[in-house]
Amino acid sequence: MQHLLQISDLTRQQLEGLLTHAQRLAAQVPLTISTSLAGRTLINVFYENSTRTQVSFELAAKRLGAQVVNLDVRTSSMQKGESLLDTVLTLEAMGCDFLTMRHPQEDILPALTPHLLPTTHLINAGDGCHAHPTQALLDMLTIKQHGLDFSKLSVAIVGDTLHSRVTNSQLAAFDLLGTRDIRVVGPAELLPDTLPFSYIQKTTDMATGLQGVDIIMLLRIQRERMPSSMLPNADDYFTQYGLTTERLALAMPQALIMHPGPVNRNVEITDDLIYHPQSTILQQVTNGVLIRQAVLTQLIENTIY
Ligand code: NCD
């Protein structure tokens, strides 16, 4: 495995191996700083905004002893007309082991890979509405840490699944791990017409969606990916789909409240529930660093140059 562009690049065994690796890291208290990637370089190339993903790739690499460069794309030579491929080849020529890229366009990452050196690992940090594999991995890690059995899990994914690369990657990961009770919930215009697996249920009714689930996975309305005419009014959305204490009671008593972030308070979820004891929102963030440490390590260890 040279690159990680989507969950389907992984076998079930590789995915489980990454979760086990990250769980071992989580058990290390105090945090261990290693030198296992000393001499390696990671370059973050983010063409879309990010807080969690970019910082956690940086911290993950630094905790493994690698050097990190964050390319500021707003001031890079792309503004002078340099193509993305030429930018990437330029970064590679300076010595780059990991290229973590976030881009609004789908299909751009696979187009780059034939041009990369065999020693460069391209990691998808979110490409348009397509995929965000490390987010799905950290979400699976969070669920695993709660001792839940993926084959017995009921999951509701609530919100803008139509534009969600996070959902696409989560659905692929849940499938590999054997989860079959999955409901996507939201306004009809934000639900995809086709879903990747026939067992996934689709509903516009929040009560039907949340009934008896173990996981409530909330999503942000991705305003940047839709015309304003399609955008639901935030108050109406909250009234119909916002997670409140009353709605939480429809799920299993210890159901996990998950959200990849960034959260829009009182749109997807009421203020009171964001850091509720059942919320894993910050645990997901913590796990983001661990899972990325596991991914970086495994990409180096499992690639035959
Ligand atoms: C998500 C993303 O950018 O894909 N956030 C994240 O990486 N944690 C989801 C979003 O932007 O809503």
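Quick look at the numbers
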item: The range 202-223, subset of a type in the set (D, E, K, R) and either assigned to a strand (DSSP E or B) or in contact (Cβ under 8 Å) with a residue 12 or more places away in the chain (or both), residue farthest from the ligand (Cβ to nearest atom); result: Asp205
item: Selected residue (criterion: farthest from Ala156 (Cα to Cα)) from residues of the range 91-110 that are away from the ligand (no atom under 14 Å from the Cβ) and in contact with a helix residue (DSSP H, G or I) (Cβ under 8 Å, 6 or more places away or on another chain); result: Asp97
item: Filter result for Thr239 (open to solvent by 70 Å² or more (accessible area, probe 1.4 Å), of a type in the set (Val, Ile, Thr), within 14 Å of the ligand (Cβ to nearest atom) and at pLDDT 95 or above); result: no
item: Counted residues, the range 186-195 - those being surrounded by fewer than 14 Cβ atoms within 10 Å (Cβ to Cβ) and either within 16 Å of the ligand (Cβ to nearest atom) or among the charged types (D, E, K, R) (or both); result: 2
item: Qualifying positions in the range 242-300 - crowded, with 16+ Cβ neighbours inside 10 Å, more than 16 Å from the ligand (Cβ to nearest atom) and either free of Cβ contacts under 8 Å to residues at least 12 places away in the same chain or not in a loop (DSSP other than H, G, I, E, B) (or both); result: Arg247, Leu248, Leu256, Leu273, Gln293, Ala294, Leu296, Thr297, Gln298, Leu299, Ile300
item: Those residues of the range 126-179 which are within 18 Å of Glu16 (Cα to Cα), acidic (Asp, Glu) and within 12 Å of the ligand (Cβ to nearest atom), in sequence order; result: Asp139
item: Scan of the range 77-108 for residues that are open to solvent by 70 Å² or more (accessible area, probe 1.4 Å), part of a helix (DSSP H, G or I) and over 28 Å from Ala38 (Cα atoms), ordered by number; result: Gln79, Lys80
item: Subset of the range 133-162 [open to solvent by 10 Å² or more (accessible area, probe 1.4 Å) and not polar (S, T, N, Q)]; result: Lys144, His146, Gly147, Leu148, Asp149, Phe150, Lys152, Leu162
item: Conditions (1) of a type in the set (Ser, Thr, Tyr); (2) open to solvent by 10 Å² or more (accessible area, probe 1.4 Å); (3) in contact (Cβ under 8 Å) with a residue 40 or more places away in the chain; number of the one not met by Ser198; result: (3)
item: Filter result (open to solvent by less than 40 Å² (accessible area, probe 1.4 Å) and either over 21 Å from Asn287 (Cα atoms) or more than 11 Å from the ligand (Cβ to nearest atom) (or both)) within the range 39-56; result: Thr41, Leu42, Ile43, Asn44, Val45, Glu48
item: Unique residue being more than 16 Å from the ligand (Cβ to nearest atom) and more than 19 Å from Leu138 (Cβ to Cβ) when the list is Leu85, Leu19, Leu15, Leu64; result: Leu85
item: Any hit, the range 216-227, residues being within 19 Å of Asn124 (Cβ to Cβ), modelled with pLDDT of 95 or more and not charged (D, E, K, R); result: yes
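The values are calculated or read from the model by the stated rules, or taken from the named source; none is laboratory data. Just so it is clear, the model here is predicted, and its values are computed rather than measured. Heads up, the Cβs are rebuilt from the backbone with ideal geometry, glycines too, and the neighbour counts pull from every protein chain shown. Keep in mind that these areas ignore ligands, DNA and RNA; they rest on the heavy atoms of the full protein, side chains included. Shrake-Rupley method; radii C 1.70, N 1.55, O 1.52, S 1.80 Å.
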